[in-house]
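The structure appears right after this line, and notes come after that.
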Amino acid sequence: MNRDKEINAILQRLKAKTGIKGNIKVRLKPFKKKAASVSLNRKVIYLNSKIIDKLTNEELEYLIAHELLHLKHGIFHTKEFEKELKNLFKEDLQLEILRRFFNNKILGLE
Ligand SMILES: [Zn+2]
């Protein structure tokens, strides 16, 4: 399944919601131990290609939102970061994603 269009639509929607600007790209990468990652310098959000087709739309949106907010707040999960993420998502989908795809073993998000 090709989720490019969906990913782009989510990205545009989240950028508008969060006020994050710039040319931000989303790429797929076959991570072993994480669901997603971000390069602050390159403004590239990486999603795990191994799980991308298994994610629900909401989980996909959550991962993109999480990484996008790092572009605004920096690499750490600061209070401001967590607050803005909570405003976008009532539930902490991170735990659900870790449980489903990584057996809770490792920190699946950066
Ligand atoms: Zn993070």
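What the table shows:
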{"item": "Selection from segment 31-77 of residues that are modelled with pLDDT of 95 or more, among the β-branched types (Val, Ile, Thr) and within 14 Å of the ligand (Cβ to nearest atom)", "result": "Val38, Ile45, Ile64"}
{"item": "Selection count, segment 95-104, where residues are within 14 Å of the ligand (Cβ to nearest atom) and free of Cβ contacts under 8 Å to residues at least 12 places away in the same chain", "result": "1"}
{"item": "Failed condition for Lys5, given (1) closer than 19 Å to His77 by Cβ; (2) loosely packed, with under 13 Cβ neighbours inside 10 Å", "result": "(1)"}
{"item": "Residues of segment 83-94 satisfying the condition of being under 17 Å from Lys15 (Cα atoms) and either more than 13 Å from the chain's Cα centre (by Cα) or within 10 Å of the ligand (Cβ to nearest atom) (or both)", "result": "Lys83, Glu84, Leu85, Lys86, Asn87"}
{"item": "Enumeration of residues in segment 9-53 that are surrounded by 13 or more Cβ atoms within 10 Å (Cβ to Cβ), part of a helix (DSSP H, G or I) and more than 12 Å from the chain's Cα centre (by Cα)", "result": "Arg13, Lys15, Lys17, Thr18"}
{"item": "Flag if Asn2 is modelled with pLDDT of 95 or more and either on the phi > 0 side of the Ramachandran plot or assigned to a loop (DSSP other than H, G, I, E, B) (or both)", "result": "no"}
{"item": "Segment 54-70, residues that are more than 11 Å from the chain's Cα centre (by Cα) and surrounded by 14 or more Cβ atoms within 10 Å (Cβ to Cβ)", "result": "Leu55"}
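The values are calculated or read from the model by the stated rules, or taken from the named source; none is laboratory data. Remember, it's a predicted structure, so these values are computed and weren't measured experimentally. Cβ atoms come from the backbone with ideal geometry, glycine included; neighbour counts cover every protein chain shown.
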